[in-house]
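Following: one structure in structure tokens, then a few remarks.
The values are calculated or read from the model by the stated rules, or taken from the named source; none is laboratory data. Note that this is a predicted model, so its numbers are computed, not measured. All Cβ positions, glycine included, derive from the backbone under ideal geometry; neighbour counts span all protein chains shown. Just so you know, the surface numbers come from the protein's heavy atoms only, side chains and all, with ligands and any DNA or RNA stripped out. Shrake-Rupley method; radii C 1.70, N 1.55, O 1.52, S 1.80 Å.
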Amino acid sequence: MDRTTAYLPILVGFFAVCPPATSGQALRDTVWQDRQAASAVPPRDGPPIIAFGIGATDLPDVRYAAAVSGAGTATSGGRLFGPTLTLDYSRPLGPAGAPRPLRVTYSGALSTAGRSESSLERLGGGGLFGLTAGSAPRGRIDLATSANAVAATASGTAVVNGGGSITSLAYSPAGTGAAISQYAVSGMGGSRAFLALTTDGDARSAAGYAAIIDATGYTFLAAGDTTGTVVTDSVRDSFRAQSHAFRFSTDLDAGGGWTLSPGVGPMYRATRRSVERTTTIDIAETMPGAGIPALSFGQRGEIDTRYLGLIAGVGLSRDLPGDWSLLMDAELGLARYRGELTARSWATVGGSPNIHVVERPSAVSGLTQQGTLSLSISRPMARGVVSLGVYANYISDVPTFDYQSGGAPAVTAPYGAGSASFVGAGQSQMAPSLGTDGASSYGVNLSFNRSF
């Protein structure tokens with residue numbers, strides 16, 4: 001994909017810790033943590049610190065590319081909002097009073113985010129509109145429309161092998177007030193053929209709509225004057241993540257009031273992103289109350305990704321005037337990842353139950369590099385510490401998915417404008433693919449660490 005992932009948490013947390021921190025020394029207990037939901041105040045040795053916050057996540061677009069000329073396209077992406085829960089716990093290792101004490105810190109985070117959106121498009125004029133998924137059903141669609149001063153005419157054929165066959169004609173003479181809106185559905189089990197025709201002689205309007213569906217995919221086409229037909233796209237996007245890490249670190253005197261805190265440890269991270277798109281087509285009728293049922297087409301994809309690796313970091317901290325403390329931290333890491341994609345599609349035509357399309361799962365794996373830079377300042381207050389921090393993070397490989405055309409179906413216009421012809425023979429139409437892209441994150445943290 002041509003867009004990077006960006007996570008932008010803006011976190012306000014409330015924490016419980018005992019005893020109270022009374023100086024900037026509390027900042028020198030550096031902890032590795034997931035930068036998507038992090039306190040700017042590293043924990044001291046002692047009870048666990050639990051934090052709750054609200055974060056924003058900016059994910060890559062999921063593109064639904066056009067598989068036929070003039071076919072509907074859509075994108076899903078943008079900023080998702082949701083809660084985040086973090087847990088940090090630090091304990092010393094080795095004998096008390098050691099000149100260079102070793103410390104182990106566990107850091108974990110759970111987060112979820114989501115967003116829903118809907119768009120509406122009113123078709124108009126001539127041209128071709130289409131929707132596809134999976135492989136082309138074995139069958140054919142033929143649509144032909146014409147409208148002039150004499151009459152409005154629409155004809156069509158929809159055939160799906162083993163599922164049904166429909167052939168129909170609509171004719172409305174001009175100057176008689178004649179108008180026709182008709183539809184038919186044929187087939188059973190996992191295969192359907194759908195055909196709808198509309199004509200209005202006085203308005204010089206004619207349109208044809210057809211769909212063929214089986215267990216491998218679906219193809220929908222509309223041709224002619226589709227003015228008034230409404231296409232509604234609804235997208236639900238959700239994201240969940242959890243991370244766990246242990247960091248082993250120690251403090252070194254760097255001179256000039258600075259303390260150096262190098263550390264290293266393992267990390268594990270798991271994410272799931274789900275995107276569901278539903279397209280509903282409400283066909284414009286030329287006869288009031290004709291009752292052509294709406295058509296519904298849906299696609300859902302999920303990516304589960306696991307990361308396992310090692311993070312090495314170094315913190316640099318010192319006391320500032322006015323009881324303020326400064327902490328800078330840099331991390332580099334290497335992790336192996338595996339992303340698995342599962343997808344499915346479905347269609348509902350003519351009021352029939354959903355017909356499900358089987359999609360093959362896919363996976364991608366490899367090594368990813370990541371790095372983090374952060375800066376925070378903190379000051380003790382009555383029974384707590386207030387802190388403000390900024391950070392930036394980069395991950396070189398993040399699994400992403402894209403609905404791409406696998407070979408556009410051969411849609412022709414044998415009778416000129418207002419006609420469409422398609423032959424399905426199992427060719428790939430619209431299949432989700434899985435690849436990787438770089439990801440960057442950046443943001444600010446504001447926290448208050450309260451003792452009870």
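Spin-label point model (7 Å from Cα, Cβ direction): what's the residue 240 to residue 171 distance in nm?
6.0 nm
Please compute the modelled spin-label separation between residue 410 and residue 310, points set 7 Å along Cα→Cβ, answer in nm with one decimal.
About 5.7 nm separates the two model spin labels.
Under 15 Å from a label point 7 Å along Cα→Cβ of residue 290: give me every residue in region 226-264 with its amide N that close.
The answer is 226-230, whose backbone nitrogens lie closer than 15 Å to the label point.
Could you sort 160-168, 391-399 so that the peptide with the highest average Cβ count within 10 Å comes first and the rest follow in order? Numbers along the way, then the final one.
Working: 160-168: 17.9, 391-399: 20.0.
For the peptides 160-168, 391-399, the packing ranking is 391-399, 160-168.
Taking only protein heavy atoms into account and a 1.4 Å probe, give the accessible area per residue of region 141-247 in Å².
Numbers: 3720 Å² over 107 residues.
Per residue, region 141-247 has an accessible area of 35 Å².
Let me know the charge dipole size of region 125-267 about its Cα centre in debye, to the nearest 20, where only the beta-carbon of Lys, Arg (+1) and Asp, Glu (-1) is charged.
Values: 7 positive and 9 negative charges, 72 e Å.
Computed about the Cα centre, the dipole is about 340 debye.
So, in nm, how far is label residue 252 from label residue 324 when the simple model puts each one 7 Å beyond its Cα toward the Cβ?
The two pseudo-label positions are separated by 2.8 nm.
Net charge within 12 Å of residue 265 by Cβ-Cβ distance, Lys/Arg positive one each and Asp/Glu negative one each, not counting residue 265 itself?
Taking every other residue near residue 265 into account, the sum is +1.
Going by average Cβ density within 10 Å per residue, which order do the peptides 241-250, 150-159, 112-121 take, highest to lowest? Display every interim value, and only then the final one.
On the way: 241-250: 19.7, 150-159: 23.2, 112-121: 14.2.
Final packing ranking: 150-159, 241-250, 112-121.
Give the peptides 192-200, 359-367, 425-433, 228-236 in descending order of average Cβ contacts within 10 Å, highest first. All intermediate terms of the calculation are to be shown ahead of the outcome.
On the way: 192-200: 28.0, 359-367: 14.3, 425-433: 19.6, 228-236: 17.6.
Taking the mean over residues of other Cβ atoms within 10 Å, the ranking is 192-200, 425-433, 228-236, 359-367.
With r as the distance between the Cβ atoms of residue 91 and residue 392 and R0 = 35 Å, compute the FRET efficiency 1/(1 + (r/R0)^6) and round to 0.05.
Once the sixth-power term is evaluated, E becomes 0.75.
From the Cα gyration tensor of region 256-379, with a ≥ b ≥ c the square roots of its eigenvalues, which class applies: rounded if a/c is under 1.5, or else prolate if a/b is larger than b/c, or else oblate?
Values: a/c = 7.15, a/b = 2.54, b/c = 2.82.
Cα axes put region 256-379 in the oblate bin.
In region 120-146, whose amide N lies under 14 Å from the spot 7 Å out along Cα-to-Cβ of residue 417? List them in ranges.
What the label zone holds, given the 14 Å backbone N cut-off, is 124-128, 145-146.
If you roll a 1.4 Å probe over the heavy atoms of the protein chains, what accessible area per residue do you get for region 253-296, in Å²?
On the way: 1770 Å² over 44 residues.
With the other protein chains kept in place, region 253-296 gives 40 Å² per residue.
Using 1/(1 + (r/R0)^6) with R0 = 22 angstrom and r between the beta carbons of residue 332 and residue 379, what's the FRET efficiency to the nearest 0.05? Please report the intermediate quantities before stating the final value.
On the way: r = 29 Å, r/R0 = 1.34.
My answer for the efficiency is 0.15.
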